[in-house]
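So the structure is just underneath, and the comments pick up after that.
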Amino acid sequence: MSERLWAPWRLPYIEQASANTSGENDCIFVDLPAKENDRENLILFRGKTAFVMLNRFPYTNGHLMVAPFKHTAEMKDLNDEELLEINKLIAHALEWLKKAYKPDGFNIGVNLGRPAGAGVPSHIHWHIVPRWEGDTNFMGVVAETRVLPQSLEESYDRLKEIVNRDA
């Protein structure tokens, strides 16, 4: 007997990925910061040149992304002020995640280009993924499915409270 695991939240991601290969110029790292509702758009913090947001399709709860406001795919296009602020935001994000989730470690990285795994290859961004001892299980290996015990809204509210307190 085969089991089915329903993941209806994945459809918007699949549709967005399909739309982005059609040559459209939409970019979440430009479009979402231009909007007013940070909670709806999962933006936790806005700096002068960069911002921090929750990943809408996270690997784990608390999966954050740091991106410059400048639309570029290339690190060489970022000036010293932007690079410094991005690194400071990554450092702050680590502290916020430690307070909110008490992870045992982190994966921090940037995927440059679609072959390297970039979901939005036209806009450079850094991923911060909290990790816990034993957080891997058969679901990701066998079923290519992730089990997330908290909704994005709950994750946002938990982290936003800490961000506001630390700001």
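Odds and ends about this structure:
- Note on Lys160: lysines with a C-alpha under 26 Å away, same-chain residues under 8 apart excluded, are Lys35, Lys48, Lys70, Lys88, Lys98, Lys99, Lys102.
- Qualifying trypsin sites (Lys or Arg not before Pro) for the range 60-95 [loop in DSSP, other Cβ within 10 Å: at most 16]: Lys70
- Heavy-atom surface of the range 21-82, accessible at 1.4 Å and reported per residue (Å²): 51 Å²
- For the range 116-130 and the range 24-74, distance of Cα centres in Å: 11 Å
The values are calculated or read from the model by the stated rules, or taken from the named source; none is laboratory data. Note that this is a predicted model, so its numbers are computed, not measured. Neighbour counts are summed over all protein chains in view; Cβ atoms, including those assigned to glycine, are modelled from backbone coordinates with ideal geometry. These accessible areas exclude ligands, DNA and RNA; they are computed on the full protein's heavy atoms, side chains included. Shrake-Rupley method; radii C 1.70, N 1.55, O 1.52, S 1.80 Å.
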